[in-house]
Structures are given as structure tokens and as C-alpha cells.
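First the structure, in the form of C-alpha cells, and then the observations on it.
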Amino acid sequence: AQKVTQAQTEISVVEKEDVTLDCVYETRDTTYYLFWYKQPPSGELVFLIRRNSFDEQNEISGRYSWNFQKSTSSFNFTITASQVVDSAVYFCALSLENAGNMLTFGGGTRLMVKP
Amino acid sequence: SAVISQKPSRDICQRGTSLTIQCQVDSQVTMMFWYRQQPGQSLTLIATANQGSEATYESGFVIDKFPISRPNLTFSTLTVSNMSPEDSSIYLCSAYRNYEQYFGPGTRLTVT
């Protein structure tokens, strides 16, 4: 069965620091998708990125970047020059094409950015 | 992307009663799911809402407790039956389309 681990339950940084959120996944399938979601205090889940298992290119979107490494089964998320508005819980998730595309979530990392 | 709305956004219910949560998607989607997020926890899949057939439930969730309907490709309901305080959670609907999965704003349920 598939599994997603986010070892960091809580991270606290000062504004403008860079921060990396770790995500490690387990699956025997060769076709899968990895996701990151942001859940701000208001509670809604905001989609950030989807990456398929055949695309190991790193991605950058503004201050956000993602590093996908199949060799270590990791899909880490870095926020550069963090801001207070980045404070939220961040979830990494995995879906399998052969298992109905439902998401298996990691436990989440609570990021607190202090001014 | 898909825009998803849920009703109600929150409710406080008494134990032993039932609550039906509605989920509406702005366009047709192939798959819809229901997740539960208990306080301070991650999200757990309850079931896949299948259009025209019975929902597919994950281990630990049963139809008698969480009956689900999906009458068409844009709408689904989840009922939380015979509620107890342990059912206090956020219930989220999600829709899958084009390899991406979007979430509704959630229904925050408190059972007293």
C-alpha cells in the first residue's frame, strides 16, 4: 500500500528565511502523481502543484520550488524568502493511476512564519 | 480548474441526529471523493462517490454511517448518520479532472 511521510510536524522561521518542507513517499506503482496543498487557517485546501512520476524536472513558481527525486522517493517543497502569509499547514499527497486516483495524504507540516 | 461549493459551511448538531452535506461542482467531473479531517489531523478518504452506482468505501467507513449519493456528474451528498462527538471534523468534497484534484471549502461539523 502507498504511504506519504512528512517528518516535520511543525517548523518555525523568521520572515525572509528560506524553508524546505520534506515529503517522502512509498509506492510499488510506476505511474503515480504527487501533490502539494496549502491549508491556511481559514481551512480550505489550496492546490499548489501536481507532478507525475515520469517527470523529474524541478519546478519553480515565484518563491516556491519543488525538488522531485525518484532515487530517494522524495518530493520536497522550498519556500524562498518566506512571508507571514505563508503560515499554513502544508500537505504532500500521492495518487495512483491504477487505484482510482484518490489521494493519500501525509500528516502535514505546520509552518509558522514570524515577522 | 474546478470550482466546488459545499453546504453547509459549518453546523453544530446534537448526538444521535444526522446531517447531509451537499457538494456542487461548476462543471462535469469524472470522479468525486469525500474526505474527513479530524481536529489537528491530516485528511482521510471516506469514499469515492460513483455516479449511478453505490459509493466505494475505504476501510473503517461504512455505508450505514456515511451514506453517499451522486445523482449526476456535478453533484454529491454525504450524510453523517447517528452522530457522536467523535464525528466532529471537517468534511471535504473533492473533484478529479485532468489528473488534478480540487477541494471544496469544507463543512466544519461539531457534535455536542
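The values are calculated or read from the model by the stated rules, or taken from the named source; none is laboratory data. The shown structure was predicted, so the numbers you read here are calculated from the model rather than taken from an experiment. Every residue, glycine among them, receives a Cβ derived from its backbone with ideal geometry; neighbour counts consider all protein chains shown. Heads up: the accessible areas ignore ligands, DNA and RNA and are worked out on the full protein's heavy atoms, side chains in. Shrake-Rupley method; radii C 1.70, N 1.55, O 1.52, S 1.80 Å.
Scan segment A:1-22 for residues that are open to solvent by less than 30 Å² (accessible area, probe 1.4 Å) and either closer than 27 Å to B:VAL3 by Cβ or outside any loop (DSSP other than H, G, I, E, B) (or both) and jot them down.
A:VAL4, A:ILE11, A:VAL13, A:VAL19, A:LEU21
With the condition being touching a strand residue (DSSP E or B) at 6+ places or on another chain (Cβ under 7 Å) and away from every other protein chain (no Cβ under 11 Å), I'd like the strands (runs of 3 or more DSSP E) fully within segment B:1-43 carrying at least 3 qualifying residues.
Result: B:10-13, B:19-25.
Listed here are the residues, each with its yes/no results for (1) within 28 Å of B:TRP34 (Cα to Cα); (2) within 14 Å of chain B (Cβ to nearest Cβ); (3) at pLDDT below 95.
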| position | (1), (2), (3) |
| --- | --- |
| A:LYS16 | no, no, no |
| A:VAL24 | yes, no, no |
| A:ASN58 | no, no, yes |
| A:SER71 | no, no, yes |
| A:ASN101 | yes, yes, yes |
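For segment B:57-67, check the following and say yes or no: at least one residue is open to solvent by 10 Å² or more (accessible area, probe 1.4 Å), assigned to a strand (DSSP E or B) and closer than 22 Å to A:PHE35 by Cβ.
no
Of all residues in segment B:21-47, how many are under 9 Å from the mean Cα position of the chain (by Cα) and either open to solvent by 50 Å² or more (accessible area, probe 1.4 Å) or not aliphatic (A, V, I, L, M) (or both)?
Result for segment B:21-47: 6.
Taking B:SER53 as the residue in question, decide whether it is open to solvent by 20 Å² or more (accessible area, probe 1.4 Å), part of a strand (DSSP E or B) and of a type in the set (Gly, Ala, Ser).
When the stated conditions are applied, B:SER53 does not pass them.
Just one of the numbered conditions (1) within 14 Å of chain A (Cβ to nearest Cβ); (2) free of Cβ contacts under 8 Å to residues at least 12 places away in the same chain is not true of B:ILE63; which one?
Every listed condition holds for B:ILE63 apart from (1).
Report whether or not B:VAL25 is β-branched (Val, Ile, Thr), in contact with a helix residue (DSSP H, G or I) (Cβ under 9 Å, 6 or more places away or on another chain) and at pLDDT 95 or above.
No.
Just give me the residues in segment B:68-92 being of a type in the set (S, T, N, Q), outside any strand (DSSP E or B) and either more than 24 Å from B:VAL29 (Cα to Cα) or without any contact (Cβ under 8 Å) to a residue 24 or more places away in the chain (or both), in sequence order.
Result: B:SER81, B:ASN82, B:SER84, B:SER88.
Is segment B:84-94 home to any residue that is crowded, with 16+ Cβ neighbours inside 10 Å and more than 27 Å from A:ARG50 (Cβ to Cβ)?
Yes, some residue in segment B:84-94 is crowded, with 16+ Cβ neighbours inside 10 Å and more than 27 Å from A:ARG50 (Cβ to Cβ).
Kindly indicate whether any position in segment B:93-108 is part of a strand (DSSP E or B), farther than 15 Å from B:TYR35 by Cα and modelled with pLDDT under 95.
yes
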